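Notes for the one structure printed next.
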Amino acid sequence: MAEISYPFNADNVTTGATKAVSETQWQNMARMWGGDRIDRSLTGQASSANLPFSGRMVNTSTVQIGPGRATVGGFYYESTSDLNLAVAANTANTPRRDLVVVRVDMAKPGVNLAIRKGTNSATPVPPNPVRQAGGIWEMPLYEISLPANGGLPTLASRGPYQVPDPVAFPWNAVPSAGLLPKNTFAFDMDSNGPEEISEYFTYSDKPRITRHLGPTRTYTPSIVNVPTLQQGRANRKGRYRWIAPNTIWFSVRISTPTEIKHVDASWYVGISLPVKASTETGQTFHGMVQNTGPLQSTSGLPNYVQITGWVPVGRATTTCILLYPNPSRLSSGLDGLPKIPSSSSLVISGVYEAAPQ
């Protein structure tokens, strides 16, 4: 039969439908429902003693695994009491690393705890679990590190767990996500505007944005410390997106037909960032002024001016101070950018840590 499908209430020799399902067919089907995982959802801080399949080394030759349940290779497994597994002694003069696994053996058939023995080496690596549909299929629970010459083995957790399924909201995602189990991803599918889909993660305290999806967001950056009239003459464009938790990418371009100069009460021209930046350590960005207009020779600045954006240590702020190399003496270092010349453009971009939201 070239085409086979299952399970149905009745066989159909014409279409290939069958009602009986073999173990291998069941495994092929059930593995599509989800990957190997321990039947416990991680919805907050976890204690190793309270998790399924808690493990401990009883002695140099015995590991004890507590009760637990898991889905492995398309089959469900449950252990209802503590089980002791024998660990092969390591009398060699090099260490070894073994795996405690939940093993599906289709030849028995059955699902049981087992140990897959590793290979001795000066720098040993754990053996790869076997995943062969219709044969042996293993899910790791622990790695056992066995020192050379019969030293005391140590145990390290390697078992995968469930997490809450992601959900989506048409709007009001933040207050709605606050009612979900911890460690849940939630999507705001509208964000009160078209093409403004966002992803949130419910941390231990509250939901926080993790990234923007769809097109890059736009904003109009302010030019800091300049008269309002001068700022209004400039063409100001900004783009940004959240790319990870507390992490933002941004890019700004400011073009001006007339000179933009900082007010006498200040020592620099700056720009505004789309979201307040963290100032725990201070942050810097790279940019330039393209000063190739007809008035370049009278502007007092070179054709291309390297710009350093700076958010100093202190209070969270949207202000990015613009610095440039002293045009008279390199040994003087960086000074506050005094102006953006006529017929020039400022471009600056970077990635920064946002202040806590």
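Some notes on this structure:
- Dipole in debye (nearest 20) - the range 64-156, about Cα centre, beta carbon charges: Lys, Arg +1; Asp, Glu -1: 180 debye
- For the chain, the alpha-carbon radius of gyration amounts to 1.51 times the rule-of-thumb value 2.2 N^0.38 Å expected for a compact globular protein.
- Ligands, DNA and RNA left out, the accessible area of the range 18-135 computed with a 1.4 Å probe is 48% carbon and sulfur.
- 3J(HN,Hα) couplings calculated from phi for the range 283-297 with the Karplus curve 6.51 cos²θ - 1.76 cosθ + 1.60 (θ = phi - 60°) are, in sequence order, 9, 10, 9, 10, x, 7, 10, 8, 10, 10, x, x, 9, 4, 5 Hz; Gly and Pro show x.
- Electrostatic dipole magnitude of the chain [Cβ: Lys, Arg +1; Asp, Glu -1; Cα centre; debye, to 20]: 700 debye
- Close lysine pairs were tallied over the chain: pairs 8 or more places apart or on different chains with Cα atoms under 27 Å apart number 11.
- Stokes-Einstein D (µm²/s) once Rh is taken as the Kirkwood radius of the range 128-272 over alpha-carbon pairs, at 10 °C in 1.306 mPa s: 78 µm²/s
- Mean accessible surface per residue for the chain, computed with a 1.4 Å probe while every protein chain stays in place, in Å²: 54 Å²
- Local net charge near residue 57, Cβ-Cβ under 13 Å (Lys/Arg +1, Asp/Glu -1): -1
- Evaluating 6.51 cos²θ - 1.76 cosθ + 1.60 at θ = phi - 60° for every residue in the range 160-174, the Karplus couplings come out as x, 10, 6, 10, x, 5, x, 10, 9, 10, x, 6, 6, 5, 5 Hz, glycine and proline recorded as x.
- Cβ-defined net charge surrounding residue 117, 9 Å radius [Lys, Arg +1; Asp, Glu -1]: +1
- Qualifying chymotrypsin sites (Phe, Trp or Tyr not before Pro) in the range 152-205, where qualification requires a DSSP coil assignment and no more than 13 other C-beta atoms within 10 Å, comprise 171, 203.
- Dipole of the chain [Lys/Arg +1, Asp/Glu -1 at C-beta], most positive-end residue of 240, 16, 297: 297
- Note on residue 258 and residue 334: with the Förster distance fixed at 25 Å, the Cβ-Cβ geometry gives a FRET efficiency of about 0.50.
- Taking the charge dipole of the chain about its Cα centre, with +1 at Lys and Arg Cβ atoms and -1 at Asp and Glu Cβ atoms, the residue from 167, 75, 309 reaching farthest to the positive side is 309.
- Each residue of the range 11-18 was assigned a 3J(HN,Hα) from its phi angle through the Karplus expression (A = 6.51, B = -1.76, C = 1.60, θ = phi - 60°), giving 6, 9, 5, 6, 8, x, 6, 9 Hz with x at Gly and Pro.
- The chain, helix-only ellipticity at 222 nm - DSSP H runs n ≥ 4, -39,500 (n - 2.57), divided by all residues, nearest 500: -1500 deg cm²/dmol
- Heavy-atom accessible surface of the range 264-320: percent carbon and sulfur, 1.4 Å: 51 percent
- Protein-only accessible surface at a 1.4 angstrom probe places the residues 264, 188, 36 in the order 264, 36, 188, largest first.
- Heavy-atom accessible area, probed at 1.4 angstrom with all protein chains present, ranks 61, 345 as 61, 345, highest first.
- Within-15-Å neighbourhood charge of residue 89 [Cβ basis; K, R +1; D, E -1]: +2
The values are calculated or read from the model by the stated rules, or taken from the named source; none is laboratory data. Only a predicted model underlies this, so the values are computations on that prediction, with no experimental measurement involved. Quick reminder, even Gly has a Cβ in these numbers, built from the backbone with ideal geometry, and neighbours come from all protein chains shown. Heads up: the accessible areas ignore ligands, DNA and RNA and are worked out on the full protein's heavy atoms, side chains in. Shrake-Rupley method; radii C 1.70, N 1.55, O 1.52, S 1.80 Å.
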